[in-house]
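Take a look at the structure below.
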Amino acid sequence: MVCDHEALVDDSKDLKRKKNGGANDAVQAIVTDGLTRQRAIALFALFAGEDQAECGLCGVDLTRNDEEAAAGGPAAGDGKMRPVVTKCQHMFCTPCFRSRMPAKWPDCKADDRAACPACDIVLGLLVETVQLQPSDIESRDGAGEGPNDSDAESDAPPRKKVTFGADADTPISKRTDLSSKMRALLADITPFSQCNPHSMLFDRDAPLLEHMAISKGDEPVVIAQHPPTKDGGPDNILPVKSVVFSQWTKMLDRVQTALERAGIKSVMLDGRMKRDLRASNIEQFKNDPGTEVLLVSIKVGGTGLNLTEVRARVTPYVCRS
(Lines give C-alpha, C1' and ligand atoms only; values in the text may rest on other atoms or scores of the structure.)
Protein backbone atom coordinates (compact mmCIF):
# COMPACT_ATOMS: atom_id res chain seq x y z
CA MET A 1 0.00 0.00 0.00
CA VAL A 2 1.44 3.36 -1.02
CA CYS A 3 -0.22 6.23 0.82
CA ASP A 4 0.60 9.88 0.22
CA HIS A 5 -1.03 13.18 1.08
CA GLU A 6 -0.76 16.27 -1.08
CA ALA A 7 -1.22 18.56 1.91
CA LEU A 8 2.25 17.64 3.17
CA VAL A 9 3.75 19.61 0.27
CA ASP A 10 1.76 22.68 1.26
CA ASP A 11 2.62 22.18 4.94
CA SER A 12 6.29 22.18 3.96
CA LYS A 13 5.83 25.49 2.15
CA ASP A 14 4.23 27.03 5.23
CA LEU A 15 6.98 25.68 7.48
CA LYS A 16 9.70 26.98 5.15
CA ARG A 17 8.00 30.38 5.02
CA LYS A 18 8.04 30.54 8.81
CA LYS A 19 11.69 29.42 9.06
CA ASN A 20 12.68 32.14 6.59
CA GLY A 21 11.25 34.78 8.88
CA GLY A 22 7.83 35.08 7.29
CA ALA A 23 4.68 35.31 9.35
CA ASN A 24 2.81 32.10 10.09
CA ASP A 25 -0.22 33.73 8.53
CA ALA A 26 -2.99 31.65 6.97
CA VAL A 27 -4.36 34.72 5.19
CA GLN A 28 -1.10 35.38 3.34
CA ALA A 29 -0.46 31.69 2.74
CA ILE A 30 -3.83 31.34 0.98
CA VAL A 31 -3.13 34.41 -1.16
CA THR A 32 0.34 33.18 -2.10
CA ASP A 33 -0.07 29.41 -2.45
CA GLY A 34 -3.80 28.77 -2.55
CA LEU A 35 -6.36 27.14 -0.29
CA THR A 36 -5.74 23.82 1.46
CA ARG A 37 -7.67 22.11 4.22
CA GLN A 38 -5.01 22.95 6.81
CA ARG A 39 -5.00 26.62 5.79
CA ALA A 40 -8.80 26.64 5.83
CA ILE A 41 -8.72 25.24 9.38
CA ALA A 42 -6.17 27.88 10.40
CA LEU A 43 -8.26 30.65 8.83
CA PHE A 44 -11.37 29.36 10.59
CA ALA A 45 -9.50 29.36 13.91
CA LEU A 46 -8.36 32.93 13.24
CA PHE A 47 -11.91 34.11 12.56
CA ALA A 48 -13.28 32.13 15.51
CA GLY A 49 -10.72 33.74 17.81
CA GLU A 50 -12.06 37.15 16.82
CA ASP A 51 -15.71 36.02 17.15
CA GLN A 52 -16.15 36.54 13.41
CA ALA A 53 -16.75 32.95 12.30
CA GLU A 54 -20.23 33.60 10.92
CA CYS A 55 -21.99 32.56 7.72
CA GLY A 56 -21.62 35.34 5.15
CA LEU A 57 -25.27 34.93 4.12
CA CYS A 58 -27.42 34.02 7.14
CA GLY A 59 -25.08 35.14 9.92
CA VAL A 60 -25.22 31.86 11.88
CA ASP A 61 -22.35 31.25 14.32
CA LEU A 62 -20.20 28.60 12.64
CA THR A 63 -18.44 27.63 15.89
CA ARG A 64 -21.54 26.13 17.51
CA ASN A 65 -21.29 22.57 18.70
CA ASP A 66 -23.36 19.70 17.33
CA GLU A 67 -26.11 19.98 19.94
CA GLU A 68 -26.64 23.67 19.24
CA ALA A 69 -26.66 23.10 15.50
CA ALA A 70 -29.18 20.28 15.82
CA ALA A 71 -31.39 22.39 18.08
CA GLY A 72 -32.37 24.92 15.50
CA GLY A 73 -29.65 26.34 13.33
CA PRO A 74 -28.72 25.41 9.78
CA ALA A 75 -26.55 22.31 9.72
CA ALA A 76 -25.45 19.75 7.17
CA GLY A 77 -28.55 17.60 7.56
CA ASP A 78 -27.27 15.49 10.44
CA GLY A 79 -27.04 18.09 13.19
CA LYS A 80 -23.37 18.79 12.54
CA MET A 81 -21.97 22.15 11.53
CA ARG A 82 -19.75 22.02 8.44
CA PRO A 83 -18.50 25.50 7.52
CA VAL A 84 -17.39 26.16 3.96
CA VAL A 85 -14.26 28.28 3.42
CA THR A 86 -13.40 29.84 0.05
CA LYS A 87 -10.11 30.98 -1.44
CA CYS A 88 -11.42 34.56 -1.36
CA GLN A 89 -11.57 33.98 2.42
CA HIS A 90 -15.32 34.03 3.00
CA MET A 91 -17.19 31.55 5.17
CA PHE A 92 -20.66 30.08 4.89
CA CYS A 93 -22.79 27.43 6.52
CA THR A 94 -23.28 24.39 4.30
CA PRO A 95 -27.02 24.93 3.58
CA CYS A 96 -26.48 28.52 2.43
CA PHE A 97 -23.48 27.65 0.29
CA ARG A 98 -25.21 24.64 -1.23
CA SER A 99 -28.21 26.80 -2.18
CA ARG A 100 -25.93 28.96 -4.35
CA MET A 101 -23.92 26.13 -5.91
CA PRO A 102 -24.61 23.61 -8.70
CA ALA A 103 -26.72 20.67 -7.60
CA LYS A 104 -23.79 18.23 -7.65
CA TRP A 105 -21.73 20.17 -5.08
CA PRO A 106 -19.69 19.02 -3.14
CA ASP A 107 -19.04 16.15 -5.61
CA CYS A 108 -17.30 18.40 -8.11
CA LYS A 109 -14.79 17.95 -10.90
CA ALA A 110 -11.71 20.00 -11.69
CA ASP A 111 -13.49 22.20 -14.25
CA ASP A 112 -16.58 22.97 -12.13
CA ARG A 113 -16.75 26.68 -11.30
CA ALA A 114 -19.20 29.03 -9.58
CA ALA A 115 -19.24 32.55 -8.17
CA CYS A 116 -18.62 33.18 -4.47
CA PRO A 117 -21.99 34.09 -2.87
CA ALA A 118 -20.35 37.01 -1.05
CA CYS A 119 -18.03 38.69 -3.58
CA ASP A 120 -18.92 37.07 -6.95
CA ILE A 121 -15.32 36.00 -7.60
CA VAL A 122 -15.41 32.86 -9.74
CA LEU A 123 -14.05 29.88 -7.82
CA GLY A 124 -12.83 26.47 -8.88
CA LEU A 125 -15.12 24.42 -6.67
CA LEU A 126 -12.75 21.47 -6.36
CA VAL A 127 -9.62 23.31 -5.21
CA GLU A 128 -10.78 26.76 -4.11
CA THR A 129 -13.50 25.78 -1.64
CA VAL A 130 -13.14 23.56 1.44
CA GLN A 131 -16.01 22.12 3.45
CA LEU A 132 -14.70 21.67 6.99
CA GLN A 133 -15.70 18.58 8.92
CA PRO A 134 -16.82 18.47 12.57
CA SER A 135 -13.40 17.00 13.42
CA ASP A 136 -11.71 20.08 11.93
CA ILE A 137 -13.76 22.39 14.15
CA GLU A 138 -13.37 20.14 17.19
CA SER A 139 -9.57 20.15 16.91
CA ARG A 140 -9.05 23.81 16.02
CA ASP A 141 -7.74 24.68 19.50
CA GLY A 142 -4.68 22.58 18.74
CA ALA A 143 -4.30 23.52 15.12
CA GLY A 144 -1.80 26.33 15.49
CA GLU A 145 1.63 24.79 15.03
CA GLY A 146 1.94 21.09 14.38
CA PRO A 147 5.02 19.01 15.09
CA ASN A 148 7.87 19.25 12.62
CA ASP A 149 9.49 16.39 10.75
CA SER A 150 12.61 16.31 12.85
CA ASP A 151 13.59 12.99 14.40
CA ALA A 152 15.35 14.69 17.30
CA GLU A 153 14.52 12.85 20.51
CA SER A 154 12.02 14.67 22.70
CA ASP A 155 8.88 14.10 24.69
CA ALA A 156 5.89 12.60 22.91
CA PRO A 157 4.80 14.96 20.11
CA PRO A 158 1.87 17.29 20.70
CA ARG A 159 -1.20 16.25 18.74
CA LYS A 160 -4.66 17.61 18.20
CA LYS A 161 -7.34 16.36 20.52
CA VAL A 162 -9.15 13.50 18.83
CA THR A 163 -12.44 11.88 19.81
CA PHE A 164 -11.81 8.15 19.52
CA GLY A 165 -14.34 6.48 17.25
CA ALA A 166 -16.05 9.77 16.29
CA ASP A 167 -16.24 8.68 12.62
CA ALA A 168 -16.75 4.96 13.23
CA ASP A 169 -20.30 5.11 11.86
CA THR A 170 -19.35 7.22 8.83
CA PRO A 171 -18.72 5.19 5.64
CA ILE A 172 -15.11 5.54 4.54
CA SER A 173 -16.25 6.61 1.09
CA LYS A 174 -17.98 9.61 2.70
CA ARG A 175 -14.85 10.77 4.57
CA THR A 176 -14.21 13.73 2.27
CA ASP A 177 -11.74 15.17 4.80
CA LEU A 178 -9.32 12.36 3.88
CA SER A 179 -7.25 11.89 0.74
CA SER A 180 -8.13 8.99 -1.55
CA LYS A 181 -5.00 7.09 -0.50
CA MET A 182 -5.83 7.58 3.18
CA ARG A 183 -9.33 6.24 2.56
CA ALA A 184 -7.79 3.24 0.78
CA LEU A 185 -5.56 2.56 3.79
CA LEU A 186 -8.55 2.68 6.15
CA ALA A 187 -10.57 0.47 3.82
CA ASP A 188 -7.81 -2.13 3.90
CA ILE A 189 -7.29 -2.10 7.68
CA THR A 190 -10.92 -1.78 8.86
CA PRO A 191 -12.04 -5.34 7.91
CA PHE A 192 -9.38 -6.76 10.24
CA SER A 193 -10.71 -4.62 13.09
CA GLN A 194 -14.22 -5.84 12.40
CA CYS A 195 -13.16 -9.44 13.07
CA ASN A 196 -11.04 -8.59 16.12
CA PRO A 197 -13.04 -9.15 19.35
CA HIS A 198 -10.84 -6.62 21.15
CA SER A 199 -11.60 -3.81 18.70
CA MET A 200 -14.27 -1.15 19.01
CA LEU A 201 -15.34 -2.11 15.47
CA PHE A 202 -15.82 -5.82 16.24
CA ASP A 203 -18.71 -7.34 14.30
CA ARG A 204 -19.66 -10.92 15.15
CA ASP A 205 -21.09 -11.42 11.67
CA ALA A 206 -17.99 -10.14 9.85
CA PRO A 207 -15.92 -12.74 7.97
CA LEU A 208 -12.76 -13.85 9.72
CA LEU A 209 -9.85 -12.58 7.61
CA GLU A 210 -6.33 -13.89 7.52
CA HIS A 211 -3.34 -12.65 5.54
CA MET A 212 -1.97 -15.46 3.40
CA ALA A 213 0.73 -13.70 1.39
CA ILE A 214 1.90 -10.34 0.13
CA SER A 215 2.11 -9.92 -3.62
CA LYS A 216 5.22 -8.48 -5.21
CA GLY A 217 5.31 -4.87 -6.35
CA ASP A 218 2.25 -2.72 -5.85
CA GLU A 219 -0.32 -5.50 -6.17
CA PRO A 220 -2.83 -5.80 -3.32
CA VAL A 221 -2.40 -8.17 -0.40
CA VAL A 222 -3.82 -11.63 -0.99
CA ILE A 223 -6.48 -12.36 1.64
CA ALA A 224 -8.44 -15.52 2.45
CA GLN A 225 -11.97 -15.10 3.79
CA HIS A 226 -13.32 -17.62 6.25
CA PRO A 227 -16.94 -18.12 7.37
CA PRO A 228 -18.12 -15.96 10.28
CA THR A 229 -18.24 -19.00 12.57
CA LYS A 230 -15.34 -18.65 14.97
CA ASP A 231 -14.50 -22.04 16.46
CA GLY A 232 -13.41 -21.88 20.07
CA GLY A 233 -14.94 -18.47 20.73
CA PRO A 234 -13.65 -14.94 20.19
CA ASP A 235 -10.75 -15.32 22.63
CA ASN A 236 -9.08 -17.79 20.27
CA ILE A 237 -9.05 -15.38 17.33
CA LEU A 238 -5.56 -14.13 16.52
CA PRO A 239 -5.88 -10.48 15.44
CA VAL A 240 -4.36 -9.25 12.18
CA LYS A 241 -2.17 -6.24 12.95
CA SER A 242 -0.61 -3.70 10.59
CA VAL A 243 2.64 -1.74 10.57
CA VAL A 244 2.64 1.55 8.67
CA PHE A 245 6.02 2.99 7.69
CA SER A 246 6.66 6.56 6.58
CA GLN A 247 9.63 8.85 6.16
CA TRP A 248 7.46 11.74 7.30
CA THR A 249 6.30 12.06 10.90
CA LYS A 250 3.54 14.45 9.83
CA MET A 251 2.21 11.69 7.59
CA LEU A 252 2.14 9.34 10.58
CA ASP A 253 0.29 11.99 12.61
CA ARG A 254 -2.37 12.21 9.89
CA VAL A 255 -2.73 8.45 9.71
CA GLN A 256 -3.03 8.13 13.49
CA THR A 257 -5.72 10.82 13.63
CA ALA A 258 -7.70 9.06 10.89
CA LEU A 259 -7.34 5.70 12.64
CA GLU A 260 -8.41 7.04 16.02
CA ARG A 261 -11.47 8.77 14.60
CA ALA A 262 -12.34 5.52 12.82
CA GLY A 263 -12.13 3.60 16.12
CA ILE A 264 -8.85 1.77 15.43
CA LYS A 265 -6.28 1.85 18.22
CA SER A 266 -2.67 2.54 17.25
CA VAL A 267 0.70 3.46 18.74
CA MET A 268 3.58 5.52 17.32
CA LEU A 269 7.30 4.85 17.03
CA ASP A 270 9.36 7.84 15.91
CA GLY A 271 12.36 9.97 16.83
CA ARG A 272 10.34 12.59 18.67
CA MET A 273 9.78 10.14 21.52
CA LYS A 274 12.06 9.26 24.41
CA ARG A 275 13.49 5.78 24.26
CA ASP A 276 11.44 4.45 27.18
CA LEU A 277 8.21 5.56 25.47
CA ARG A 278 9.28 3.88 22.23
CA ALA A 279 9.92 0.63 24.13
CA SER A 280 6.58 0.93 25.91
CA ASN A 281 4.71 1.42 22.63
CA ILE A 282 6.39 -1.59 21.03
CA GLU A 283 5.44 -3.76 24.02
CA GLN A 284 1.87 -2.50 23.82
CA PHE A 285 1.69 -3.36 20.13
CA LYS A 286 3.14 -6.81 20.78
CA ASN A 287 0.93 -7.77 23.71
CA ASP A 288 -2.32 -5.77 23.55
CA PRO A 289 -4.76 -7.42 21.10
CA GLY A 290 -6.74 -4.18 20.94
CA THR A 291 -3.77 -2.17 19.62
CA GLU A 292 -3.94 -3.02 15.94
CA VAL A 293 -1.59 -0.61 14.14
CA LEU A 294 2.02 0.44 14.71
CA LEU A 295 3.04 3.69 13.00
CA VAL A 296 6.78 3.75 12.39
CA SER A 297 9.20 6.41 11.23
CA ILE A 298 11.59 4.80 8.74
CA LYS A 299 14.55 6.59 10.31
CA VAL A 300 13.82 5.02 13.70
CA GLY A 301 12.31 1.66 12.78
CA GLY A 302 13.66 1.04 9.30
CA THR A 303 16.25 -1.41 10.64
CA GLY A 304 16.44 -3.54 13.75
CA LEU A 305 12.71 -3.54 14.48
CA ASN A 306 11.93 -6.98 15.92
CA LEU A 307 8.26 -7.95 15.82
CA THR A 308 8.72 -11.72 15.78
CA GLU A 309 7.06 -12.02 19.19
CA VAL A 310 3.90 -10.15 18.24
CA ARG A 311 0.83 -12.18 19.17
CA ALA A 312 -0.78 -11.52 15.79
CA ARG A 313 -0.27 -11.75 12.07
CA VAL A 314 1.45 -8.57 10.91
CA THR A 315 1.20 -6.88 7.51
CA PRO A 316 3.36 -3.87 6.51
CA TYR A 317 2.29 -0.73 4.65
CA VAL A 318 4.54 2.02 3.29
CA CYS A 319 3.39 5.66 3.22
CA ARG A 320 5.28 7.84 0.77
CA SER A 321 4.96 11.55 0.13
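Overview of results
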quantity: Within the range 272-291, considering residues that are in contact with a Ser or Thr (Cβ under 9 Å, 6 or more places away or on another chain) and in a helix (DSSP H, G or I), the one surrounded by the most Cβ atoms within 10 Å (Cβ to Cβ); calculated: Phe285
quantity: Matching residues, the range 33-60, being in a helix (DSSP H, G or I), surrounded by fewer than 18 Cβ atoms within 10 Å (Cβ to Cβ) and touching a residue at least 12 places away in the same chain (Cβ under 8 Å); calculated: Asp33, Leu46
quantity: Filter result for Ala168 (more than 19 Å from Met268 (Cβ to Cβ), small (Gly, Ala, Ser) and at pLDDT 55 or above); calculated: yes
quantity: Pairs, first more than 9 Å from Lys241 (Cβ to Cβ) and at pLDDT 85 or above in the range 281-308, second basic (Lys, Arg) and part of a strand (DSSP E or B), C-beta under 7 Å, six or more apart; calculated: Gly290/Lys265
quantity: Selection status of Pro102, modelled with pLDDT of 85 or more, farther than 13 Å from Ile137 by Cβ and assigned by TED's automatic domain parsing to the domain that holds Asp136; calculated: yes
quantity: Matching entry among Gly146, Gly217 (being at pLDDT below 75, under 28 Å from Gly271 (Cα atoms) and outside any helix (DSSP H, G or I)); calculated: Gly146
quantity: Members of the range 172-213 found to be part of a loop (DSSP other than H, G, I, E, B), of a type outside the set (A, V, I, L, M, F, W, C) and over 14 Å from the mean Cα position of the chain (by Cα), listed by number; calculated: Asn196, Pro197, His198, Ser199, Asp203, Arg204, Asp205, Pro207
quantity: Residue satisfying condition, being aliphatic (A, V, I, L, M) and at pLDDT 80 or above, within set Ile264, Ile237, Ile223; calculated: Ile264
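The values are calculated or read from the model by the stated rules, or taken from the named source; none is laboratory data. All values reported here derive from a predicted model rather than from experimental measurement. Note that we place each Cβ from the backbone using ideal geometry, even for glycine, and neighbour counts take in every protein chain shown.
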